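Peer 1: Sharing a structure, written as structure tokens. Questions coming.
The values are calculated or read from the model by the stated rules, or taken from the named source; none is laboratory data. Predicted model only: the values in this text are computed from it and were never measured. Every residue, glycine among them, receives a Cβ derived from its backbone with ideal geometry; neighbour counts consider all protein chains shown. Ligands, DNA and RNA are excluded from the accessible area calculation, which covers all protein heavy atoms including side chains. Shrake-Rupley method; radii C 1.70, N 1.55, O 1.52, S 1.80 Å.
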Amino acid sequence: MAICAAVALACNEGLHPTTCPGICGTVTYQGSLPDSLRDSTAAVLIVAFSTFPQTPADLLRFQPPVPAFVDTGGPPRRYVLQVPNGTYEWVLAVWEKKSTTPLGAGNADSLLREIGFYRDGRDTTAQGTGRVHVGTGGGGAAAIDFVIDFTRMHRICHYFPPCPP
Amino acid sequence: MRRLLLSALLATTPAAIVAAQGTAVLSGTVRDTLGQPLRGTVRVVGSALARVADERGRYRLDVPPGRLIVRIGHIGYRSVEDTLTLSAGDSVERHYRLAGVAVELQPTIVTAAKRSQFLDQSTTSVALVSDTDLAHRAVETVDEAVNRSPGVLFLNGQVNIRGSSGFVEGLGSRVLLLVDGVPANQGDRGGIDWDMVPLADVARVEVVKGAGSSLYGSAALGGVVNVITREIPLGFHARLRAAGGAYADPPFDVWRFRDHTGALGSLDATASYARGPVRGSLTLGGRHSDGYREQDRSDQWEMSGKAEWLPRPATRVTTSGAWTSHQYQVFPTWCVAASLPGARPCDTRGQAFQPFLIDSSGAGSYTRSNKGYFTATLDRTVSTRFSWQARGSWLRTHFTDVNPDDWAVSNRFGAEWRGVGRNASGRVVTAGVEAARGDVTSDIFGEHTQHQLGAYGEVEQLLGRARLTAGTRIDYLDADGSDATGVLSPRVGAVFPSHVGTWRASAGRGFRAPTLAERHVNTRAFGFEVIPNPGLHPETAWSFEVGNTASLASWGRLDAALFWTEARQLLEPTFVLVVDSVAKDTVQKIQIQNVSRARLRGLDASLAVAPLPALTATIAYLFLDARDLADDSLLAFRPKHLLTLSADYRWRTLSVGGDFRYTSRIERIELEPVFGGDPRVSAKVLDVRAGWQRGSLSARLLVANALNYIYNLVPRTLEPVRTASVVLTWTY
């Protein structure tokens, strides 16, 4: 009888195919990484912010703690961000420069560039308008697609002006 | 000098007299009540004389003349005692029938006190895996056999006794493996090669729970697993074991990774011969597995041998050894859409993860692992009051990894002398000295040596109905000839039989010396450099236990223990900021450090019942409260609940049975920022089995993970899927 109960317990459990456990989509590359950046590139990664950063220090409070790393070019690439349930105001791709010093708020402007972000199809005018909801309807947010364009890299100071010379 | 010679002469006189008087021969068979042969143990009470019956239940024992009490036992059966009076030259035949019980009331164990004793005389909890269990379960490896024991859980090959080890990628085990009482943890990494001993050679396994360092020294921090090999029966015997099986396909089409069914198979052959004082056995075997996931193929060849010489009834010289060559593909981690830095993308087919596919950065990884051991032992029963054993051992491991390319060769040499003395008032003294030397030559561990010298003693005194035990061991450890460290490991315990069962209590200190790998590893992991730390100290723990074993009429046995372990200076991989000489800046690196304090406490209980003569059932439950005291959080890789249900039914030559194992969801893992978002589920695994035995032939069917439950216990590493196998055994 105990074995039968165990069988009943174990039915329909275990791991199942999961298409999206958080924020998922495709990044498409507009062109390729310029040769001038090839040696200085540390990584290209995708992160999400629950609220749009208000200060440069907020830039280091992204989700997930270990971001998704993607290629620097090639065919469209699927990504998955395993983030907690909630709303995310900014999902973006970041280019990171090689450095011997740890990344911090003081050097973020010199080490990081925004190279593409998700925009809501109904409002493509500004950053922070591509809101993504995770888990509220049961499940992840799929089809959060955007373009990485290495020719349109934006410094941090682009969002927190003025930019130093 | 003359006094010394006289003393030596007096000391050897009783043995000389016994030899001069000649011996008697006791022979016969051991069977169950249905007439099936049992490999029961026939033991002369009060001495080390014992013999295990062969596959046909036959035994023969050379015994000294006089009045003898013989106890015949087998795990799962009620022991019987027989009193005989024999004269020199007598040849007496006795046939014994044992009745099955839920759990044998007085099984004999040899590990908990480093000497022979009855199970209910042990001050610590002990779990047993008998050869009947091994045969019924039709498992292929020793770890599969031990994995269903109460309170024991394997995490990707790493054994946990009451949550002792957690999961540290094989770097250092907090459980000591013994093969016939000889330490067999790797000399460099301190881990356990479970494929070292062919399963065909294993007679039974004893699992001692809690700190065992007072007798065994380093590594016995969380417990001891003693693999006891088969005795060699008289005459010529042979055994052929062939197994074949198949792995189930993934339960979802989107997870399929090959267009054929994965297979596994093995063949083992054992031959033994014993006549008079000389006995020998040889086992050869090979096994192949396609694996149950991508890049998971495995091929293994093994041989083992044992030779015994019994020049006198009370003297035994044993040499044994084994060599295993294992080539296996390495499944690194499963394929996920979110890559780690430096990882090459893998095709997830639109899924968040693909548990049967590898992360492509690990493509082509495989390991060639050769390992072996050789031991020589001299056992001498000087009298009914005193016996001693001397042994020497050599363990060698050699692994070569491809992608990443690493290699290491290590040796572990050991020697021990142990004596056991008893007096008429019920006092038993066990004392000994032990020395070990480990060395490694490796591209990631360097070239290093480590020495350990220990002396131990334990006294058991009968006081009324109570047995009181006290003992200690002192170890001196050094690495590369410097920084000698002394470690004291005391233990006290008591056993008290009462009308509500037998109570036991113990308190003991355990330790584990840092392994050569932990001190000197220099490699990369998860994109970070791992740097050595030669100044590591041993990790230590105090273990406390109170337990009770009670027989429930003739149909059941209940065993329950409350345990509490306080661990200090646990060794763990830690992120450190160091100045990099090349970058001339501070960078993050990983280093093994003495960091954690932990508390593991809980309840370990089991109930074995036999409501019908042919039906046995067991329920075992472990509740574990494991906390990391350094940051007041849950200890990683320790499930809170572990439940095991087993049942077996026999009808004439047929048997059916099953095991169910529930492991609650592991709530905390290491490297939470990296793997924390991965799915984790509780494990619910059902194994079913059926068997048929007639004469020298037996056939067993095992369907492991019959429900094809898909789960993982450590990050991104799939546990085995449903595996159906048939094992055919022929004995002569």
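Peer 1: What tally of residues in segment A:53-72 results from selecting those that are assigned to a loop (DSSP other than H, G, I, E, B), under 13 Å from the mean Cα position of the chain (by Cα) and away from every other protein chain (no Cβ under 14 Å)?
Peer 2: Result for segment A:53-72: 0.
Peer 1: If you don't mind, there's one more thing I want to ask. If a residue counts only when it is out of contact with any Lys or Arg (no Cβ under 8 Å at 6 or more places or on another chain) and of a type in the set (S, T, N, Q), which strands (runs of 3 or more DSSP E) contained entirely in segment B:518-577 have at least 3 such residues?
Peer 2: Working: elements: B:523-525, B:528-531, B:539-552.
Those strands (runs of 3 or more DSSP E) do not exist here; none qualify.
Peer 1: Taking A:ALA42, is it touching a residue at least 24 places away in the same chain (Cβ under 8 Å) and more than 9 Å from chain B (Cβ to nearest Cβ)?
Peer 2: No; evaluated as a whole, the condition is false for this residue.
Peer 1: Which residues, counting only those in segment B:393-421, are more than 26 Å from the chain's Cα centre (by Cα), assigned to a strand (DSSP E or B) and touching a residue at least 60 places away in the same chain (Cβ under 8 Å)?
Peer 2: Correct list: B:ASP406 only.
Listed here are the residues, each with its yes/no results for (1) in a loop (DSSP other than H, G, I, E, B); (2) within 21 Å of B:ALA617 (Cβ to Cβ); (3) modelled with pLDDT of 90 or more.
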{"residue": "B:GLU104", "(1), (2), (3)": "yes, yes, no"}
{"residue": "B:ALA113", "(1), (2), (3)": "yes, no, yes"}
{"residue": "B:THR124", "(1), (2), (3)": "yes, no, yes"}
{"residue": "B:ALA127", "(1), (2), (3)": "no, yes, yes"}
{"residue": "B:THR132", "(1), (2), (3)": "no, yes, no"}
{"residue": "B:ALA135", "(1), (2), (3)": "no, yes, no"}
{"residue": "B:GLU140", "(1), (2), (3)": "yes, no, no"}
{"residue": "B:ALA145", "(1), (2), (3)": "no, yes, no"}
{"residue": "B:PHE154", "(1), (2), (3)": "no, no, yes"}
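Peer 1: Can you say whether B:ALA605 is in contact with a Gly (Cβ under 8 Å, 6 or more places away or on another chain) and open to solvent by less than 30 Å² (accessible area, probe 1.4 Å), as far as the supplied structure shows?
Peer 2: no
Peer 1: Residues being open to solvent by 60 Å² or more (accessible area, probe 1.4 Å), away from chain A (no Cβ under 14 Å) and in contact with a Leu (Cβ under 9 Å, 6 or more places away or on another chain): count how many of those fall in segment B:631-649.
Peer 2: 1
Peer 1: For A:LEU33, work out the one condition from (1) part of a loop (DSSP other than H, G, I, E, B); (2) at the interface with chain B (Cβ under 9 Å from one of its Cβ atoms); (3) out of contact with any helix residue (DSSP H, G or I) (no Cβ under 9 Å at 6 or more places or on another chain); (4) modelled with pLDDT of 80 or more it doesn't fulfil.
Peer 2: In the conditions (1) part of a loop (DSSP other than H, G, I, E, B); (2) at the interface with chain B (Cβ under 9 Å from one of its Cβ atoms); (3) out of contact with any helix residue (DSSP H, G or I) (no Cβ under 9 Å at 6 or more places or on another chain); (4) modelled with pLDDT of 80 or more, A:LEU33 misses (2) alone.
Peer 1: Only one residue in B:ASP195, B:ASP201, B:ASP188 is touching a His at 6+ places or on another chain (Cβ under 7 Å) and among the charged types (D, E, K, R). Which one?
Peer 2: None of the other options fit; the residue is B:ASP195.
Peer 1: Would you please list the contacts, defined by Cβ atoms under 9 Å and residues six or more apart or on different chains, that run from a residue in segment A:73-90 that is at the interface with chain B (Cβ under 9 Å from one of its Cβ atoms) and more than 11 Å from A:VAL27 (Cβ to Cβ) to a residue that is hydroxyl-bearing (Ser, Thr, Tyr) and assigned to a strand (DSSP E or B)?
Peer 2: These pairs meet every condition: A:LEU81/A:TYR88.
Peer 1: Now for a separate question. Look through segment B:522-548, keep the residues that are within 26 Å of the chain's Cα centre (by Cα) and open to solvent by less than 20 Å² (accessible area, probe 1.4 Å), and return whichever of them is nearest to B:VAL595 (Cα to Cα).
Peer 2: Checking each candidate, the answer is B:GLU539.
Peer 1: Further question: Considering only residues that are under 15 Å from B:LYS209 (Cβ atoms) and more than 14 Å from chain A (Cβ to nearest Cβ), look in segment B:608-626 and name the one that is most open to solvent (accessible area, probe 1.4 Å).
Peer 2: B:PHE623
Peer 1: Which of the residues belonging to segment B:662-693 are facing chain A (nearest Cβ under 9 Å), at pLDDT 90 or above and open to solvent by less than 30 Å² (accessible area, probe 1.4 Å)?
Peer 2: B:SER682, B:ALA683, B:LYS684, B:VAL685, B:LEU686
Peer 1: Here's a follow-up. What is the one condition in (1) part of a strand (DSSP E or B); (2) more than 18 Å from B:ARG204 (Cβ to Cβ); (3) in contact (Cβ under 8 Å) with a residue 40 or more places away in the chain that B:ARG51 does not satisfy?
Peer 2: Of the numbered conditions (1) part of a strand (DSSP E or B); (2) more than 18 Å from B:ARG204 (Cβ to Cβ); (3) in contact (Cβ under 8 Å) with a residue 40 or more places away in the chain, the odd one out for B:ARG51 is (2).
Peer 1: Quick one: would you say A:GLY106 is surrounded by fewer than 21 Cβ atoms within 10 Å (Cβ to Cβ), within 14 Å of chain B (Cβ to nearest Cβ), among the small types (Gly, Ala, Ser) and assigned to a loop (DSSP other than H, G, I, E, B)?
Peer 2: Details: surrounded by fewer than 21 Cβ atoms within 10 Å (Cβ to Cβ): yes; within 14 Å of chain B (Cβ to nearest Cβ): no; among the small types (Gly, Ala, Ser): yes; assigned to a loop (DSSP other than H, G, I, E, B): yes.
Answer is no for this residue.
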